[in-house]
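The values are calculated or read from the model by the stated rules, or taken from the named source; none is laboratory data. Please read these numbers as outputs of a predicted model, since none were measured by experiment. Please note: Cβ atoms are built from the backbone with ideal geometry, for glycine as well, and neighbour counts cover all protein chains shown.
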């Protein structure tokens with residue numbers, strides 16, 4: 001019983017931390033940020049609920065989504081919505097948008113890699129290319145979402161006004177975001193390669209009884 005409780009607690013820990021950070025963000029947004037937008041409040045609340053839904057579905061239908069992947073998803077919500085949108089880091093830090101899109105590419109590639117491993121098949125070189133292409137597709141879909149949101153909500157998620165003020169083409173932001181997502185996907189492969197390299201070296205080390 002105690003082990004089951006501990007396992008359940010660890011499963012829900014990423015969602016609980018995300019929810020607590022969202023509460024802190026709501027308080028800071030309401031007290032510090034001068035200009036408030038109802039859509040920002042809704043986004044903060046929704047992203048605090050999504051991890052709980054994801055974890056519930058994972059346990060209910062035994063999807064076996066690894067805990068590290070849920071942590072990566074929760075981290076993306078916190079960085080993109082809580083820090084980026086609500087706290088205004090997109091506008092305050094010029095590189096924050098690039099960071100989020102790069103992380104999005106990293107996360108997207110990790111998700112596609114996991115989904116393929118679920119079938120217990122070893123990816124071939126062509127599959128790694130396919131994962132990157134799928135990640136690019138997700139990045140393009142996100143850019144379409146930003147474009148549609150700007151049209152409907154009269155916002156500037158694509159940074160058109162900022163680009164025009166700097167004398168550059170608004171298209172530059174869209175293309176750059178997609179390119180940075182590709183960099184994030186490549187970074188995921190770099191991490192994966194380093195991990196496999198470390199594991200292969202550890203297996204080749206003689207067992208001298210110094211480890212458990």
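Annotations for the structure displayed:
- Residue check for residue 40: in a helix (DSSP H, G or I), within 30 Å of residue 190 (Cβ to Cβ) and touching a helix residue (DSSP H, G or I) at 6+ places or on another chain (Cβ under 7 Å): no
- Taken over region 85-120, residues that are closer than 19 Å to residue 45 by Cβ and buried (at least 20 other Cβ atoms within 10 Å of the Cβ) amount to 2.
- Residue match in region 3-23 (condition: in a helix (DSSP H, G or I), over 23 Å from the mean Cα position of the chain (by Cα) and within 24 Å of residue 90 (Cβ to Cβ)): no
Conditions tested, residue by residue: (1) touching a helix residue (DSSP H, G or I) at 6+ places or on another chain (Cβ under 6 Å); (2) assigned by TED's automatic domain parsing to the domain that holds residue 98; (3) closer than 30 Å to residue 116 by Cβ.
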{"site": "132", "(1), (2), (3)": "yes, yes, yes"}
{"site": "142", "(1), (2), (3)": "no, yes, yes"}
{"site": "154", "(1), (2), (3)": "no, yes, no"}
{"site": "157", "(1), (2), (3)": "yes, yes, no"}
{"site": "172", "(1), (2), (3)": "no, yes, no"}
{"site": "175", "(1), (2), (3)": "no, yes, yes"}
{"site": "183", "(1), (2), (3)": "yes, yes, yes"}
{"site": "188", "(1), (2), (3)": "yes, yes, yes"}
{"site": "195", "(1), (2), (3)": "no, yes, yes"}
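- Failed item in (1) out of contact with any helix residue (DSSP H, G or I) (no Cβ under 7 Å at 6 or more places or on another chain); (2) outside the structural domain of residue 32 (by TED's automatic domain parsing); (3) part of a helix (DSSP H, G or I), with residue 58 passing the rest: (2)
- Listed by first and then second residue, the pairs linking a residue in region 117-138 that is over 13 Å from residue 105 (Cα atoms) to a residue that is modelled with pLDDT under 90, with Cβ atoms under 6 Å apart and 6 or more places separating them unless they lie on different chains, are 123/116.
- Just one of (1) closer than 24 Å to residue 30 by Cα; (2) within 11 Å of the chain's Cα centre (by Cα); (3) touching a residue at least 40 places away in the same chain (Cβ under 8 Å) fails for residue 76. It is (3).
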